[in-house]
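Colleague: Just dropping this structure here.
The values are calculated or read from the model by the stated rules, or taken from the named source; none is laboratory data. Everything numeric in this text was worked out from a predicted model, so none of it was measured. Positions of Cβ are generated from backbone atoms using ideal geometry, with glycine treated the same way; all protein chains shown enter the neighbour counts.
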Amino acid sequence: MALVSAETVAGSSALLWLSPLWGEVRRGYFKLVGAIHAVLAAATWFAASAGAVAGDDAGGWAIRLAIATFVAIALASALMFARRETAARAVGFASVPIAAAVLVPLAQAGGQGTALGLFQLAAGAAFLGAVIQGLLLGHWYLTDRKLTRRPIQRCTSVLLVATVLAAVAMISGGFEPTPDTNPSLNPLLTAGALAPWIALGMAGSTLLIAVLVRLALRGERASAVQSATGFFYLAVVTAITAEVAVRTRFLPG
């Protein structure tokens, strides 16, 4: 779960601060999403600490960087609520490379090599980040009626590309059976070679949903965005299921 939450924070933070959203949405969106990111960053810290192995350098760095990510995101959110927007934006930008850096020790802790592991986590970050941002943007349209569809259309485009990359990353992990690991999360996900097939199936479902979102946004009525948001709800379920499934094989047994 540390892997999945770290991917979500890194991907969603990058889309929040590195995209043109600052000039498109009201500042309240950054307050809302920043608070959500702070909770997810805290969850990453907690999950990494819970799974830490004594004496493991990679795990130790993952925890330290997860703490730094939480502090940076929480500070940016606090500055937004204090109406120190310039400072908040600067800290927000700084939080992105810190959140991305968490993926490096996590990749080192994986069982497939650092380079391949980092590619898999980066692809997962783009995948989950696009889904979460799409869902949150869809809801934001209910409060900002004048917002153009450019942000959610851009997020949908990112999701289409990221889903393909995520599928490639899942395939790169192989399909061979792995030794049984702790089945406490879900016995199906740790049984033989079933997990990558579940992940690919969910990724394929997410890709179909992204296509449906793109088609829904062609409508001219406001209900088109509402329909797209409904599809993003489904995408969150399928994308998170895909990443949880494939990450059960990421760490050595």
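Colleague: Given the residues Ala47, Ala68, Ala35, which is the only one that is assigned to a helix (DSSP H, G or I), surrounded by fewer than 19 Cβ atoms within 10 Å (Cβ to Cβ), touching a residue at least 40 places away in the same chain (Cβ under 8 Å) and not assigned by TED's automatic domain parsing to the domain that holds Leu137?
Modeller: Of Ala47, Ala68, Ala35, the one residue that is assigned to a helix (DSSP H, G or I), surrounded by fewer than 19 Cβ atoms within 10 Å (Cβ to Cβ), touching a residue at least 40 places away in the same chain (Cβ under 8 Å) and not assigned by TED's automatic domain parsing to the domain that holds Leu137 is Ala35.
Colleague: When both residues are 6+ apart or on different chains and their Cβ atoms are under 6 Å apart, which pairs have a first residue that lies in region 216-242 and is in contact (Cβ under 8 Å) with a residue 60 or more places away in the chain and outside any helix (DSSP H, G or I), and a second that is surrounded by fewer than 17 Cβ atoms within 10 Å (Cβ to Cβ) and aromatic (Phe, Trp, Tyr)?
Modeller: Here the result reads none, with nothing in region 216-242 linked to a residue that is surrounded by fewer than 17 Cβ atoms within 10 Å (Cβ to Cβ) and aromatic (Phe, Trp, Tyr).
Colleague: Also, quick follow-up: Hey, any hits in region 51-60 for a residue that's surrounded by 22 or more Cβ atoms within 10 Å (Cβ to Cβ) and at pLDDT below 95?
Modeller: Within region 51-60, none of the residues are surrounded by 22 or more Cβ atoms within 10 Å (Cβ to Cβ) and at pLDDT below 95.
Colleague: Confirm whether Ala107 is free of Cβ contacts under 8 Å to residues at least 24 places away in the same chain, surrounded by 15 or more Cβ atoms within 10 Å (Cβ to Cβ) and aliphatic (A, V, I, L, M).
Modeller: Here the answer is yes, as Ala107 does meet what is asked.
Colleague: I would also like to ask the following. Could you pull out the residue among Ala222, Ala162, Ala195 that is modelled with pLDDT of 90 or more and among the hydrophobic types (A, V, I, L, M, F, W, C)?
Modeller: Ala162
Colleague: Hey, another quick one. Determine whether Glu243 is among the acidic types (Asp, Glu) and within 19 Å of the chain's Cα centre (by Cα).
Modeller: Yes.
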